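Q: Let me begin by handing over the structure; questions about it come next.
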Amino acid sequence: MTNSSMQNASRREPGYETDPAATSGEGLGALLAFAGPRRWLVALGCVLSGISAVLALVPYFSIWHIVNAVLCASSGADIATGAQQWVLVAAGCAVASVVTYMAGLGCTHRAAFHLAAAIRVACCDHLLHVPMGYYQTTSSGDLRRHIDTGADMTEDVVAHKLPDVVAAAVTPIAIALLCFAFDWRMGLACLVPIVLGMASLSATMGKQAASSMDDYQDALDAMNRQAVEYVRGIPVVKVFQQTARSFREFRHTIVAYGNLAFGFAQAGERPQVTFATITASTFVLLIPVAAFAASTVDAGSWPRFVADFVFYALVCGITPGMLTRIMYIGQSTMSARTAARNVQAILGIEPLPQPDFPQTMEDASVEFDDVSFAYDGSARNAVSHVSFRAEEGQTIALVGPSGSGKSTCAALVPRFWDACEGAVRVGGHDVRDLDPRDLMENVAFVFQNGRLMRGTVLENVAAARPRATRDEVLRALEEAQCADIIAKLPQGVDTPIGEGGAYLSGGERQRLLIARAILKDAAIVVLDEATAFADADNEARIHDALGRAMEGRTVILVAHRLSTVVDADQIVVLDEGSVAERGTHGSLLERGGLYARMWEDYRRSTEWQVKSERTGAAPAANEEAGGPHE
């Protein structure tokens, strides 16, 4: 995470200050950095949990004194005198242990809630500074899962597991000291299972296990993504009568996940069996050692020996639970690493570079100067040495075959990505030298895959200009030909969109996006297949709306339907990422090149008709009107 983005987060959300340098680490240390000034609560909670673990052992020490007092006393009065004070000590320490533990959990929970909120704030703030093109290649579901998983796992680790880990670490140390307080032989017999249990746990919680857990999580994420694609593709399977075999990738991810999970379980099988055997056999060494010790006890030492044996028997009884809690140490480490990896996957996204000395747009011109661009991981350029210029108020149309780089050029104008070579100039300056906020305020765009937010129609359109009045939003909707959409909605512009509200067709959604662009009132408009997914009626309305959105503005227009570009001031024909031709509609037709061939293909497609099944000819006029076929 960059220092600037973290500082922005701190300014926006007072109380969520974070140490930027600390967040670049791994595991629990990186997560605790998000706790900021509340890290002392985590430390206090862990200390209280350790104290609680020590206090929880005092009753066992008291039991030894009570048993010894009972066996050594000569009368009932002596028993009462000797045991009463230790009963009170045991009860007091037991209550104090619970109270201290709850107080520690209160501290860690308070810090954990703040920490989880700080992680969400930091991630969301950082996402505000990444290139917008990132969102075209990354699903919102993946982002939400990484943020929520990281925050939720961090909250669980800090609130619950971390204090339990401290208690689990303190308990064996305290027990080791107590074990040698009475009879070192029986004490040593009690410690052997603890040492063996911790050794078996280390075999299952080492670096290799952590790496395997990362692979397991990656396989689980891949299977979840493919499951979503599988569900979305079910309608296609039904329409085209395909079988589930068409989803081979989904099947492969399931098999890969199953193999990985099975291998992970097999790798831990022997250590887990060893651990379970040890925890179930804590008395195996104590009994023979106690029998040997009993053979060396004289008659006068029997009361003390019995008290020692009762104490060590109780210690053996609590050993399985203690070892199980120690097991959480490894699990907490893995959970912390997974949570930190999820968070850093978000914070590791390169932010959009900010200019040191931002320039201000001088006009509404757009110029591509020998621009080349390649997507990450691609071996070839999406656009290569593209040059053209749109003066203020002009319309430049980008046309060409699919995959020729039209949409990529359109996305470079609002700086969804930065050019690898050359320069994209807006308002006379390289977009990389402009203030990103100034650029976004002066460029409106409507793409074929535009999205609406969860909210009302009014809120979606007003997102372009949050300070716009309700009347201004309604006027933009009217100019975008959205009156029929609003009329059919149960609550008009206050109707929610999506789950629990209204669902819109692709053409209706495009008209709302155009209304958003009109409300923004930007000097430059980028339109990328704005009529995509529209039926005939919606397309006509969208054309009317686009006419209003383009009026008096500089327009970069990407279109497959060539009828929409005939009036453009200049048409740039792209082919395989390069400029093949440029000129007006008439001059390009006279040239007889690629554009002329595309126009002829387009013209033939508009004249195509379904032929009559009987005659092989196009339907007669009366048949088109619904008249009789005979």
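The values are calculated or read from the model by the stated rules, or taken from the named source; none is laboratory data. Just so you know, these numbers come straight off a predicted model, no measurement behind them. All Cβ positions, glycine included, derive from the backbone under ideal geometry; neighbour counts span all protein chains shown. Ligands, DNA and RNA are stripped out before the accessible areas are found, and what is left, the full protein with its side chains, is counted by its heavy atoms. Shrake-Rupley method; radii C 1.70, N 1.55, O 1.52, S 1.80 Å.
Q: If you scan segment 374-393, which residues turn out to be aromatic (Phe, Trp, Tyr) and closer than 15 Å to residue 582 by Cα?
A: The one that is aromatic (Phe, Trp, Tyr) and closer than 15 Å to residue 582 by Cα: 388.
Q: Before we move on, is residue 86 open to solvent by less than 20 Å² (accessible area, probe 1.4 Å) and at pLDDT below 85?
A: Values: open to solvent by less than 20 Å² (accessible area, probe 1.4 Å): no; at pLDDT below 85: yes.
It is false that residue 86 is open to solvent by less than 20 Å² (accessible area, probe 1.4 Å) and at pLDDT below 85.
Q: Have a look at 326, 318 and point out the one that is open to solvent by 10 Å² or more (accessible area, probe 1.4 Å), over 35 Å from the mean Cα position of the chain (by Cα), under 30 Å from residue 62 (Cβ atoms) and β-branched (Val, Ile, Thr).
A: Working: 326 fails: over 35 Å from the mean Cα position of the chain (by Cα).
The match here is 318.
Q: Separate question: Between a residue in segment 592-611 that is closer than 24 Å to residue 581 by Cα and any residue that is aliphatic (A, V, I, L, M) and modelled with pLDDT under 90, which pairs come within a Cβ distance under 6 Å, given they are 6 or more apart or on different chains?
A: Here the result reads 599/562; 602/562, each pair linking segment 592-611 to a residue that is aliphatic (A, V, I, L, M) and modelled with pLDDT under 90.
Q: While we're looking at this one, here's another question. Which one of the conditions (1) open to solvent by 10 Å² or more (accessible area, probe 1.4 Å); (2) at pLDDT 85 or above; (3) not in a helix (DSSP H, G or I) does residue 552 fail to meet, given that it meets all the rest?
A: (2)
Q: On to the next question. If you take the residues of segment 440-496 that are in contact with a Gly (Cβ under 6 Å, 6 or more places away or on another chain) and of a type outside the set (Lys, Arg), which of them is nearest to residue 529 (Cα to Cα)?
A: 486
Q: For segment 140-165, give me the residue count where each residue is open to solvent by less than 40 Å² (accessible area, probe 1.4 Å) and over 10 Å from the mean Cα position of the chain (by Cα).
A: Number satisfying all stated conditions: 8.
Q: Just the residues that are over 18 Å from residue 504 (Cα atoms) and either surrounded by fewer than 17 Cβ atoms within 10 Å (Cβ to Cβ) or in contact with a Lys or Arg (Cβ under 7 Å, 6 or more places away or on another chain) (or both), please, taken from segment 464-489.
A: Hits for segment 464-489 are 464, 465, 466, 467, 469, 470, 471, 472, 475, 479.
Q: Could I ask something else about it? Please give the number of the condition residue 438 fails out of (1) open to solvent by 60 Å² or more (accessible area, probe 1.4 Å); (2) in contact (Cβ under 8 Å) with a residue 24 or more places away in the chain; (3) assigned to a helix (DSSP H, G or I).
A: (1)
Q: Then there's this: In segment 406-418, what residues are part of a loop (DSSP other than H, G, I, E, B) and of a type in the set (Lys, Arg)?
A: 415 - this is the single residue of segment 406-418 that is part of a loop (DSSP other than H, G, I, E, B) and of a type in the set (Lys, Arg).
Q: To continue, here is another question. Name every residue in segment 365-399 that is aliphatic (A, V, I, L, M) and either within 21 Å of residue 584 (Cβ to Cβ) or free of Cβ contacts under 8 Å to residues at least 12 places away in the same chain (or both), in order of residue number.
A: Scanning segment 365-399 gives 366, 379, 386, 390, 396, 397, 398, 399.
Q: Also, quick follow-up: Is it true that residue 425 is of a type in the set (Lys, Arg), in contact with a strand residue (DSSP E or B) (Cβ under 7 Å, 6 or more places away or on another chain) and in contact (Cβ under 8 Å) with a residue 60 or more places away in the chain?
A: yes
Q: Then there is this: Scan segment 441-456 and give yes if some residue there is assigned to a helix (DSSP H, G or I), closer than 16 Å to residue 523 by Cβ and open to solvent by 10 Å² or more (accessible area, probe 1.4 Å), otherwise no.
A: The answer is yes, given that some residue of segment 441-456 is assigned to a helix (DSSP H, G or I), closer than 16 Å to residue 523 by Cβ and open to solvent by 10 Å² or more (accessible area, probe 1.4 Å).
Q: Is at least one residue of segment 276-290 of a type in the set (Gly, Ala, Ser), at pLDDT 75 or above and either farther than 30 Å from residue 175 by Cβ or in a helix (DSSP H, G or I) (or both)?
A: yes
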